[in-house]
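Structure record follows, encoded as structure tokens.
Each reported figure results from applying straightforward, stated rules to the coordinates on display, with no laboratory input. Everything numeric here is computed off the predicted structure, so don't read it as measured data. Positions of Cβ are backbone-derived with ideal geometry, glycine not excepted, and every protein chain shown enters the neighbour counts.
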Amino acid sequence: MPYMWSLALLAVGLILLALLLLRLFRELRRFKSVQRQVAHDLGDRSGLVKARVAGLKVALAQRRDR
């Protein structure tokens, strides 16, 4: 009957592994969500910077023409 202890230990180990994998995938999903939000925010901010640079170029061009 010593194999029963081995089977019980194996079952407990598999259950713990499954729980850890579930937690890992949940955290990865949360990380991907935050990563998408950061990328979107960075894109918005870089677009604003590009718009400001374009506005400055126009203003400088108008000022040179005077």
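Just checking, which of ARG63, ARG23 is loosely packed, with under 10 Cβ neighbours inside 10 Å and assigned to a helix (DSSP H, G or I)?
Details: ARG23 fails: loosely packed, with under 10 Cβ neighbours inside 10 Å.
Criteria check complete, one pass: ARG63.
Against the condition assigned to a helix (DSSP H, G or I), more than 28 Å from the chain's Cα centre (by Cα), at negative phi and not β-branched (Val, Ile, Thr), how does LEU48 come out, does it pass? No: the conditions fail for LEU48.
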